[in-house]
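**Student:** My structure is below; once you've seen it, I'll send some questions.
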Amino acid sequence: MKRIFSFSIILIISILSSFSQQKGRASYYSNKFQGRKTSGGIPYHRDSLTCAHKTLPFGTLLVVRNPLNNREVIVKVTDRGPHVRNRIIDLSYAAAKQLDIIRQGVAQIEIKEWKFLPIEPLLIPFDKNGLFIPVKTTEEVYNKLIIRKEKVLR
């Protein structure tokens, strides 16, 4: 089940998103921040998939990828930081664990902004009784539009 779920997330990310990419170093929150309020006003919880970014608006969803093992996680920006010059993002403990960067502490990552692009629903014609209304094929419509010389020249 876990493998199917992660495949579904990757498929959704690749089909329904548009990206602006950034590469750099990431760290993660230490346990002492558990329960403290973030800049966004919500308490930090180490098991949530959240992050801190210097400039992106709160609520922005990011796809974070570890290029060493190609693991990805989607996180939500809830805080400002990191306050270390050479880092671009601070991850929650759960996000860092999914990316497998706990032992390293600081790792090279890639982040992409994730935006949902809705897909138009497929409209199937039904009448008021719920019965399928037959639809003309492209060929039928084309044949109706063709001007017949015989009819015009009469």
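The values are calculated or read from the model by the stated rules, or taken from the named source; none is laboratory data. Bear in mind that the values here come from a model prediction, so they are computed numbers and not experimental data. Quick reminder, even Gly has a Cβ in these numbers, built from the backbone with ideal geometry, and neighbours come from all protein chains shown.
Yes or no, residue by residue, for (1) touching a helix residue (DSSP H, G or I) at 6+ places or on another chain (Cβ under 8 Å); (2) surrounded by 10 or more Cβ atoms within 10 Å (Cβ to Cβ); (3) modelled with pLDDT of 70 or more; (4) not in a strand (DSSP E or B):
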position	(1), (2), (3), (4)
110	no, yes, yes, no
113	no, yes, yes, no
123	no, no, no, yes
128	no, no, yes, yes
143	no, yes, yes, yes
151	no, no, no, yes
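**Student:** Another question, if that's okay. Restricting to the stretch 71-87, give me the number of residues that are crowded, with 20+ Cβ neighbours inside 10 Å and either of a type outside the set (S, T, N, Q) or in a loop (DSSP other than H, G, I, E, B) (or both). Don't jump to the end; show me each part of the working.
**Tutor:** Initial filter on the stretch 71-87 (crowded, with 20+ Cβ neighbours inside 10 Å): 73, 75, 77-79, 82.
So of that shortlist, the ones also either of a type outside the set (S, T, N, Q) or in a loop (DSSP other than H, G, I, E, B) (or both) come out as 73, 75, 77, 79, 82.
Number satisfying all stated conditions: 5.
**Student:** Turning to a different aspect of this structure: Could you list all residues from the stretch 49-107 that are farther than 14 Å from residue 24 by Cβ, without any contact (Cβ under 8 Å) to a residue 40 or more places away in the chain and of a type in the set (Gly, Ala, Ser)?
**Tutor:** Residue satisfying the conditions is 59 alone.
**Student:** Among the residues of the stretch 56-67, are any surrounded by fewer than 19 Cβ atoms within 10 Å (Cβ to Cβ), at pLDDT 95 or above and farther than 30 Å from residue 119 by Cβ?
**Tutor:** Checked against the condition, which is being surrounded by fewer than 19 Cβ atoms within 10 Å (Cβ to Cβ), at pLDDT 95 or above and farther than 30 Å from residue 119 by Cβ, the stretch 56-67 yields no hits at all.
**Student:** Go through the residues of the stretch 35-43 one by one and say whether even a single one is at pLDDT 90 or above and touching a helix residue (DSSP H, G or I) at 6+ places or on another chain (Cβ under 9 Å).
**Tutor:** So far as the stretch 35-43 goes, no, none of its residues is at pLDDT 90 or above and touching a helix residue (DSSP H, G or I) at 6+ places or on another chain (Cβ under 9 Å).
**Student:** Quick one: is residue 101 part of a strand (DSSP E or B) and in contact with a strand residue (DSSP E or B) (Cβ under 6 Å, 6 or more places away or on another chain)? Even if it seems obvious, please write down each step before you answer.
**Tutor:** Numbers: part of a strand (DSSP E or B): no; in contact with a strand residue (DSSP E or B) (Cβ under 6 Å, 6 or more places away or on another chain): yes.
Answer is no for this residue.
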